[in-house]
1. Can you pull out the trypsin sites (Lys or Arg not before Pro) in the stretch 177-245 whose DSSP state is coil and whose Cβ has at most 12 other Cβ atoms within 10 Å?
2. Per Stokes-Einstein, at 25 °C and 0.890 mPa s, what whole-number D in µm² s⁻¹ belongs to the stretch 186-341, with the Kirkwood radius over Cα pairs as the hydrodynamic radius?
3. Within the stretch 147-202, report the chymotrypsin sites (Phe, Trp or Tyr not before Pro) that DSSP leaves as loop and that have at most 11 other Cβ atoms within 10 Å.
4. Considering the chain as a Gaussian network with a 10 Å cut-off on Cα pairs, which listed residue, Val25, Val75, Val214, attains the greatest mean-square fluctuation?
5. Between Ala171, Ala197, Ala93, which gets the highest mean-square fluctuation from a Gaussian network model of the chain, Cα cutoff 10 Å?
6. Using the per-residue mean of other Cβ atoms lying within 10 Å as a proxy for protection, in what order, highest first, do the peptides 101-113, 45-57, 311-323 fall?
7. Please pull out the direction-averaged projected area of the stretch 1-74, using the convex hull of its alpha-carbon atoms, in nm² to one decimal place.
8. Restricting to Cα atoms and excluding each atom paired with itself, what does the Kirkwood estimate give for the stretch 4-333 in Å?
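Every number here is computed from the coordinates shown, using simple stated rules; none is lab data. Note that the coordinates shown come from a computational prediction; the quantities given were computed from them, not determined experimentally. Note that each Cβ is placed from the backbone with ideal geometry, even for glycine, and that neighbours are counted across all protein chains shown.
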Amino acid sequence: MRIIAVEEHISTEAFLRVAHGLDVVPGDEAEMELMRTIENAPETRSRLTDLDARLREMDALGQDMAVLSLNPPGVQPYSAADAVPLAREFNDALAATVRRHPGRFGGLATVTPQDPAAAAAEIERAMGPLGLNGIMINSHTGGRYLDQPEFAPLLAAAEATRAPIYLHPRAPSTPAYRDYGMPGAIWGFQAEAGLHAMRLILSGTLDRYPGLTVVLGHLGEGIPYWLRRIDNRHAFAMRIPGAAPLPRLSLTPSEYFRRNFVLTTSGIDDPDVLGLALRAIGADKIMFAIDTPYEDPPTAIAFLRDAPLTDEQRTALAHRTAERVFGITPATVAGPGRPRR
């Protein structure tokens, strides 16, 4: 069984040297202080930057391919003047890595929502000359979300180039999450990414850009659990004049979720949660992911192999959904998974 993992983070020594010397925009200082501490820890830094070791680990686990992305929160905490050239340089390095290892690595470009026009141009470059497989956006940028009007050029470019947007978590912009360790993976990450996804759904953004594909980790950031209630309460609110300034949508919230979203298993090895996601959205909308270097690859691989799935479902999660979503040629068609783009 071919195994493709699609949320696998890296960095480069060149990126870290530059990024760690940059000023951070107001509001992101605490998050970046923590992330720089993590990135400077010798074991984590080695796992982020040593891709030869990454390949050896993949071989030992029987993992065929990894779709690589810049360690979060990417370039979003920096000024546009600093972030735009930094993103281009990283994407050049990422594309070179993918070219050196066809069939082993794919790549998600990093872009700059703080400069939507530059982000749109970089999406076109990533999906064209660079031959990458999509983009990663680390949720909010300075407390702004992709449903807001200034991001129209970015969304239009993603739709036009068929670039999937992996909507990755980061520390929430809301101060109430800053206590008790909640900004990170304990709670804030999934709450933040789920909020962002719901803004895209409820704002009507997906009526304006119906061809967008949005990828959510952690088996949907909690949304599958709430889908029926979301539909029910949205319909109720729409029936009450003046209850809330709700845009009129062409579909129910759950219909947008099933049409425009794809989920990954990153950080989740619970068969009950997987079963809920399968019932909510189907195996053809779920991809395998590990979240290297922050989760344990052997545990994730064992979960994929041992989870209570049909052969058809396991094949979809392991590689078939990723091949379709990220434009990865099936291994049986063109050798060991060479990207189409």
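1. Details: sites: Arg178, Arg199, Arg208, Arg228, Arg229, Arg233, Arg239; in loops: Arg239.
Answer in residue order: Arg239.
2. Working: Rh = 16.8 Å.
For the chosen part, D equals 146 µm²/s.
3. Details: sites: Phe151, Tyr166, Tyr177, Tyr180, Trp187, Phe189; in loops: Tyr180, Trp187.
Those satisfying the criteria are Tyr180.
4. In this elastic network of the chain, the residue with the biggest mean-square fluctuation among Val25, Val75, Val214 is Val25.
5. Checking each option, the largest mean-square fluctuation is seen for Ala93.
6. 101-113, 311-323, 45-57
7. Working: hull surface 21.5 nm².
Over all viewing directions, the stretch 1-74 projects a mean Cα-hull area of 5.4 nm².
8. By the Kirkwood definition, the hydrodynamic radius is 20.1 Å.
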